[in-house]
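**Q** Quick one: the structure is below, and I'll ask about it shortly.
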Amino acid sequence: MVNKKNLAGLSAATLLGVVLVGQAWAHGDVTPQAVATEGLTALGEEWVDENPYRKPSAEYDKAVEIGSSAYTQNCARCHGLEAISGGIAPDLRELESDFDGDEWFQYRVRNGAVRDGAVYMPKMADYLSQEALWAIRSYVESRREEM
């Protein structure tokens, strides 16, 4: 004889399992996605110290356009949609738009973030060009203006 309470508990547990598995599958591909940077000046292999696309650069608008797409594909899942953090990772809009902010940004995208052996952020510079990363920085700075 089937106990209705056990059956209800089993059904709830099954439903919860399906939801959790579905969420894991829905997270999608977490491998950094390629970014096309045509229209931006090539910067080469050696990292520049400051964001070359920052206002009043003639390439600022193009960098923000490229950076918006690149951010959405590669950063938003942790740092929040439209660069507004949901608390999982730092709100990048809070970085100063100057040499000090650029220095921190460059350090983090080149070295990633690891805590207690767990990778919280991959070394994005291993996957994305310097041009793509500075374009992302330009986009984030454009969102800072709206804080």
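The values are calculated or read from the model by the stated rules, or taken from the named source; none is laboratory data. Worth saying up front: this structure is predicted, and the values here are computed from it rather than measured. Neighbour counts are summed over all protein chains in view; Cβ atoms, including those assigned to glycine, are modelled from backbone coordinates with ideal geometry. The protein model used for the area step is the full one, side chains on, heavy atoms only, and it has no ligands, DNA or RNA in it. Shrake-Rupley method; radii C 1.70, N 1.55, O 1.52, S 1.80 Å.
**Q** In sequence order, what are the phi-derived ³J(HN,Hα) couplings for the stretch 96-106 according to the Karplus relation 6.51 cos²θ - 1.76 cosθ + 1.60 with θ = phi - 60°, rounded to whole Hz, with x for glycine and proline?
**A** 5, 8, 8, 4, 5, x, 5, 4, 5, 4, 4
**Q** Counting only C-alpha contacts under 8 Å and six or more residues apart, can you give the relative contact order of the stretch 69-147 as a whole percent? Numbers along the way, then the final one.
**A** On the way: 72 pairs, mean separation 19.8, N = 79.
In percent, rounded to a whole number, it is 25.
**Q** Now for a separate question. Work out the P(r) tail for the stretch 27-66: percent of alpha carbon pairs separated by more than 16 Å, whole number.
**A** Beyond 16 Å sits 48 percent of the P(r) for the stretch 27-66.
**Q** Got a sec? What order do TRP134, TRP47 fall in by accessible area at 1.4 Å, biggest, i.e. largest, first? List each step's numbers first, then the result.
**A** Numbers: TRP134 0, TRP47 40 Å².
So the residues, ranked largest to smallest area, are TRP47, TRP134.
**Q** Taking 7 Å along the Cα-to-C-beta vector as the label spot, tell me the ALA89-ALA118 distance in nanometres, rounded to one decimal.
**A** Taking the two extended label points, one gets 1.5 nm.
**Q** Just flag the trypsin sites (Lys or Arg not before Pro) in the stretch 87-146 sitting in loop per DSSP whose Cβ has no more than 16 other Cβ atoms within 10 Å. Present the calculation step by step, with values, prior to reporting the outcome.
**A** Numbers: sites: ARG93, ARG108, ARG110, ARG115, LYS123, ARG137, ARG143, ARG144; in loops: LYS123.
Taking the stretch 87-146 and a limit of 16 other Cβ atoms within 10 Å, the loop trypsin sites (Lys or Arg not before Pro) found are LYS123.
**Q** Another one. Determine one quarter of the surface area of the Cα convex hull of the stretch 45-123, which equals its mean projected area, and express it in nm² to one decimal.
**A** Working: hull surface 24.0 nm².
The number I arrive at for the stretch 45-123 is 6.0 nm².
**Q** With every protein chain present, what accessible area does PHE99 have (1.4 Å probe, heavy atoms only), rounded to the nearest 10 Å²?
**A** Result for PHE99: roughly 90 Å² accessible.
**Q** Okay, moving on. Heavy-atom accessible area per residue, the stretch 79-147, 1.4 Å probe: how many Å²? Spell out each step's value before the answer.
**A** Numbers: 3860 Å² over 69 residues.
Here the residues of the stretch 79-147 average 56 Å² of exposed surface.
**Q** Under 5 Å between amide H atoms, partner at least 5 residues away or on a different chain: which partners does MET121 have, H built in plane at 1.01 Å?
**A** When sequence neighbours closer than 5 places are left aside, the close amide H contacts are ALA113.
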